[in-house]
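This report concerns only the one structure given below.
Derivation of every value follows stated rules applied to the coordinates shown; laboratory data play no part. In this text the structure is predicted, and so the values were computed from the model without any measurement. Ideal geometry is used to build each Cβ from the backbone, glycine not excepted, and the neighbour counts take in all protein chains shown.
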Amino acid sequence: MHIFQMSPDTKQQLSPVQTYRGSVRPFVHFNAKHDAEVLHKAMKGIGTDEDAILMLLTARSNDQRQEVKAAYKKAHGKDLVSALKSELGGLFESLIVALMTPAALYDATQLHKALKGAGTDDEVLIEILASRSGEQLKEMTKVYKKEFGGKLEKDICSDTSGNYQKLLVILLQGSREEGVDEEAIEKDAKDLYAAGEGKFGTDEEKFITILGNRSAEHLRRVFDVYKKLSGSDIEDSITGETTGNLENLLLAVAKCARSVPGYFAEGLYKSMRRAGTDDGTLMRIMVSRSEVDMLDIRACFKQKYGASLYTTIQEDTDGDYQKALLYLCGGND
């Protein structure tokens, strides 16, 4: 049974610009009908073969999982996700369902949950809106409307307020400038300095406009000049000048401008190195980054914390849930 991905370490011959940085890649000998049968057998009869399920699904790309879902429905006349839910439970079930959800719908669903429950889950709002590309944000907004019948921007506005809301809405547009504007680097750095450290009180609007609209590349240059001007990192100034959700969102935006994998490495570390594990965050990052930049996240994690992400997950989780997360992690560094 071809369940495993063939040699995940053989680098595909891509130019440096396009090198694939996910830990989960499309399965080479893919056959949706065959996979649907493997899953059907794994759920038939007494007891469920969890290993077969997790090994297969973590070794397929999201697009391939959607094809398996379609093949399963065609062969067995029922929804694969419902079938899986009726066989599995707990965190493992949540993780498998997340893997079976198309990326844009997964993000939209996470945001919907964050906004629609009692109170707002600002951590989720901040993580998704600060880290996704313009294209991803636009796609997610479309899916949100289709799936939940409301406008994402409207739902965000009815749940948030002030400058925090303003920055969320700017980010949601997914229309950051591109490239570096050499002329503006110095001016942006001076404006940020004047808006924060350089005055009594803070001009939060300036922070929002510059961090919300400039490209990541441009911001990195601005942060370098800012450090020369003020003697401190932009993150320290944000912490000193703002509070609450706005502070957290500005920090996330600044960290993502420096390095998105670095931002997620820190999120993973914090989700595990606590008294209890924050499984919501752990699962969300592992699922949503497995086909994007998990290899880079692993490298940042190791560099930053001196431990591998793999062993950290091993120490913090257990059972089939742990096994599936380790497959998504893709290897020990």
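Coordinate range of the alpha-carbon atoms in the range 14-84 per principal axis, descending: 48, 24, 20 Å. Taking a straight Cα-Cα cut-off under 26 Å and skipping sequence neighbours fewer than 8 places away in the same chain, the lysines within cross-link reach of LYS41 are LYS33, LYS69, LYS73, LYS74, LYS78, LYS85, LYS323. A cut-off under 12 angstrom between Cβ atoms defines the neighbours of LYS323, and their net charge, with Lys, Arg +1 and Asp, Glu -1, is -4.
Cross-link partners of LYS302 among aspartates and glutamates, defined as those whose alpha carbon lies under 13 angstrom from its own and excluding same-chain residues fewer than eight positions apart: GLU266, ASP333.
How big is the Rg/Rh ratio for the range 182-258, C-alpha atoms only, Rh by Kirkwood, two decimals?
0.91
Between their Cα atoms, which of LYS113/LYS151; LYS187/LYS304; LYS227/LYS255; LYS199/LYS228; LYS166/LYS228 are more than 21 Å away from each other? Before the final figure, lay out each step's value.
On the way: LYS113/LYS151 14 Å; LYS187/LYS304 32 Å; LYS227/LYS255 15 Å; LYS199/LYS228 17 Å; LYS166/LYS228 29 Å.
Pairs exceeding the cut-off: LYS187/LYS304; LYS166/LYS228.
Residue ranges 284-294, 136-146 sort as 284-294, 136-146 when ordered by packing (mean number of other C-beta atoms within 10 Å per residue, highest first).
Please compute the volume of the convex hull spanned by the alpha-carbon atoms of the range 118-174 and report it per residue in Å³.
On the way: hull volume 4.3 nm³, N = 57.
Residue-normalised Cα hull volume stands at 76 Å³.
Counted residue by residue at 0.36 nm each, then reduced by the alpha carbon distance between them, the extension gain from GLN173 to GLU37 reaches 44.7 nm. If you take the Cα centroid of the range 240-265 and the Cα centroid of the range 73-90, the two points sit 39 Å apart. Restriction of the chymotrypsin sites (Phe, Trp or Tyr not before Pro) in the range 181-225 to DSSP coil positions whose beta-carbon has at most 15 other beta-carbons within 10 angstrom yields PHE200. Its residue count N sets the reference 2.2 N^0.38 Å, and the alpha-carbon radius of gyration of the range 262-324 equals 1.00 times that reference.
Sequence-distant contacts, meaning Cα pairs under 8 Å at least 6 residues apart, place the relative contact order of the chain at 19 percent. In order along the range 241-247, the Karplus-derived 3J(HN,Hα) couplings, from 6.51 cos²θ - 1.76 cosθ + 1.60 at θ = phi - 60°, round to 9, 10, 9, x, 4, 5, 4 Hz, and Gly and Pro are given as x. Segment ASN332..LYS154, full-extension length gain: 59.8 nm, with 0.36 nm per residue of separation and the alpha-carbon distance subtracted.
Given N residues in the range 168-218, what is Rg(Cα) / (2.2 N^0.38 Å)? Write down the numbers at each step before the final one.
Details: Rg = 11.6 Å, N = 51, 2.2 N^0.38 = 9.8 Å.
In units of the 2.2 N^0.38 Å rule of thumb, it is 1.18.
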